[in-house]
Every structure is written in C-alpha cells, then in structure tokens.
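*Asks:* Handing you a structure now.
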Amino acid sequence: MTIPQPTKKDIIAINQSIGEQGTLHNQGSIDFALSQAKGKKAWLQELSYFVRSLLVDHAFHDGNKRTALVLVITYLEDRDLDYDKDYLLRAIWKISKNNISSINRIMGAIKGGIVFRKG
C-alpha cells in the first residue's frame, strides 16, 4: 500500500486490515494529526503526528499499536528504506507505555529503527 499523504480512510483501512473494526475512539486526534501533517515537508514529522494519535491519544478502540506499526512500516517501505522490525516494535511499545507525546522524541524513536545502507 502506497500512502503519499494518508487520509482518515487510509488509517481506518489499516486498522481494519489487522482484523479490527476501524471504530474511532478519538476522532478529534486523527483530525488534528491530519491537519498537522498537511503541508509538512518532512515525512518523518508527518508520520510522528499519526503515531502520537494512535499510541498516546488511542484513536481507535482496539489495535492502535498494530495500526501504528503497519503505518510506520508502510511509510518506510514507500520510501525504500530498510528497517529493524524488532526495534520498531519496542519503540512503539515504549511510546505507548510511557505516553510519549513529544513529536521530536517520536521522530527519534522511528528514525532509530531505520537501517541505513552502507555505500
């Protein structure tokens, strides 16, 4: 799935693709993330707003961590970036458990999971 700039429908579809209902628990948070992401030049910052909406604001009734993981992986694969899935799983769990709301810290956590190619 390619997501140049995700819509609310795209994020709901990801939640449904992992076996959940796609029922929003905090629609305002997704709307805020969409408004903040619009026009951002840095895709990592854009992604971080969505991740915060899912992990800290609990946008969906269920499946927020899995939805966040699929969204992060989709962004990375769309940009032909390699990643450490185990690292990303731990980062998503840590963001959620510790309610990390700082966009800069979330960006750092995601960036830490990117495996940069040598050469």
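Here's the yes/no breakdown for (1) in contact (Cβ under 8 Å) with a residue 12 or more places away in the chain; (2) over 10 Å from the mean Cα position of the chain (by Cα); (3) closer than 21 Å to Thr7 by Cβ:
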site: Gly63; (1), (2), (3): yes, yes, yes
site: Arg66; (1), (2), (3): yes, no, yes
site: Ser102; (1), (2), (3): no, yes, no
site: Ile110; (1), (2), (3): yes, no, yes
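*Asks:* Go through the residues of the range 37-44 one by one and say whether even a single one is closer than 16 Å to Gly113 by Cβ and part of a helix (DSSP H, G or I).
*Replies:* yes
*Asks:* Considering only residues that are touching a residue at least 12 places away in the same chain (Cβ under 8 Å) and farther than 19 Å from Glu77 by Cβ, which ones fall in the range 3-27?
*Replies:* Residues satisfying the conditions are Lys8, Ile12, Gly19, Glu20, Gln21, Gly22, Thr23, Leu24, His25, Asn26, Gln27.
For every residue, the table says whether it meets (1) hydroxyl-bearing (Ser, Thr, Tyr); (2) over 17 Å from Leu55 (Cβ atoms); (3) surrounded by fewer than 14 Cβ atoms within 10 Å (Cβ to Cβ).
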position: Asp80; (1), (2), (3): no, yes, yes
position: Asp84; (1), (2), (3): no, yes, yes
position: Tyr87; (1), (2), (3): yes, no, no
position: Ser96; (1), (2), (3): yes, no, no
position: Asn99; (1), (2), (3): no, no, yes
position: Ile103; (1), (2), (3): no, no, no
position: Phe116; (1), (2), (3): no, yes, yes
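No value in this document is a laboratory result; all are computed from the given coordinates. Keep in mind that what you see is a predicted model, and the values were worked out from it rather than measured. As a convention, Cβ positions derive from the backbone with ideal geometry for all residues, glycine included, and neighbour counts pool all protein chains shown.
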